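Colleague: Pasting in a structure now, in structure tokens, and then I'll have a few things to ask.
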Amino acid sequence: MIRINLAPARRRRRGVGITLTLPSFNLGLLFGVLYVLAVVGLGAYWWSLSAEEATLADEVSRKSREIASLKVTIGQGNKIKDQAAELRKRVDVIEKLTRDQSKPILLADAFADVIPRDLWITRLEERNSVLRIGGAAFSTTAVSDFMSNLRSSGRFKDVDIVVSRRDLARPSLPVTFEVTCRFEG
């Protein structure tokens, strides 16, 4: 067999005797290493995402518990505000009662001075600063004396009789009456 070499002969370069040659390269090995690196990279990325998910889930549950405790605190705050408003109302009522407390005492004191002996007060109402006094007496003179005593005391103004009647069905014949006036203590 005869061989014929048609390739040109190699020439030697002059100078340094270093020659560069490309190494033989296995592409299967390269793709295998790239595949392993991709799987390891995706696994690491998945692990970091699941760790972040667990951290965020813990934070959400902690914040939910904090919100629940804050709702309880807010509810207690609203309850305290309601109680404070109720206490303010009570204090206002007490202040009003203590401020107006002297008026009934003065009224009772003024009444003690003007009621004749043979006259009884059975009803005493106050509406819009107008007193309505109801009672009974043995005579119309006692009712007249009562009205003149109210006028002359100086503490009662606009004294007027509304009703005066004698009950004929009773044996002692009492006179029932109703008088209106304003008390200025």
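Read the figures in this text as sums done on the coordinates, not as results from a lab. Everything numeric in this text was worked out from a predicted model, so none of it was measured. Cβ placement follows ideal geometry from the backbone for every residue including glycine, while neighbour counts extend to all protein chains displayed.
Colleague: Might you report the magnitude of the Cβ-based charge dipole of segment 38-146 about its Cα centre, with Lys and Arg at +1 and Asp and Glu at -1, to the nearest 20 debye? Intermediate results must be reported in sequence, preceding the final value.
Modeller: Values: 16 positive and 16 negative charges, 18 e Å.
For this selection, approximately 80 debye.
Colleague: Can you give the local net charge around Val72? Use residues other than it whose beta-carbon is closer than 12 angstrom to its beta-carbon, Lys and Arg +1, Asp and Glu -1.
Modeller: Values: positive: Arg65, Lys71, Lys79; negative: Glu66.
That works out to +2.
Colleague: Would you count, across the chain, every pair of lysines whose alpha carbons are under 22 angstrom apart, provided the pair is eight or more residues apart or spans two chains? Working shown, then result.
Modeller: Working: Lys63/Lys71; Lys71/Lys79; Lys71/Lys81; Lys79/Lys89; Lys81/Lys89; Lys89/Lys103; Lys103/Lys157.
Taking the Cα cut-off of 22 Å, the pair count is 7.
Colleague: While we're on this one: All other residues with a Cβ under 14 Å from the Cβ of Arg123 taken together, and with Lys, Arg as +1 and Asp, Glu as -1, what is their net charge?
Modeller: Summing Lys and Arg as +1 and Asp and Glu as -1 gives -1.
Colleague: Let me ask something else about it. When the Kirkwood radius is taken over all Cα pairs of segment 29-100, what Stokes-Einstein diffusion coefficient follows at 20 °C and 1.002 mPa s, in µm²/s?
Modeller: Stokes-Einstein gives a translational diffusion coefficient of 119 µm²/s.
Colleague: Can you compute the radius of gyration and Dmax for segment 103-183, using only the Cα atoms, both in Å?
Modeller: In order Rg, Dmax, the Cα atoms of segment 103-183 give 12.4, 39 Å.
Colleague: Once you have the alpha carbon radius of gyration of the chain, what is it after dividing by 2.2 N^0.38 Å, with N set to its residue count?
Modeller: Normalised by 2.2 N^0.38 Å, the Cα Rg of the chain equals 3.51.
Colleague: Under a 5 Å amide H to amide H cut-off, with H placed in plane at 1.01 Å, what residues pair with Ser139 once short-range neighbours are removed?
Modeller: Val175
Colleague: Normalised by the residues of segment 110-185, what does the relative contact order come to in percent, with Cα pairs under 8 Å and at least six apart?
Modeller: 33 percent
Colleague: Under DSSP H, which helices of the chain have Cα atoms covering 24 Å or more of the helix axis and a Kyte-Doolittle average no less than 0.0?
Modeller: Correct list, ordered by number: 27-100.
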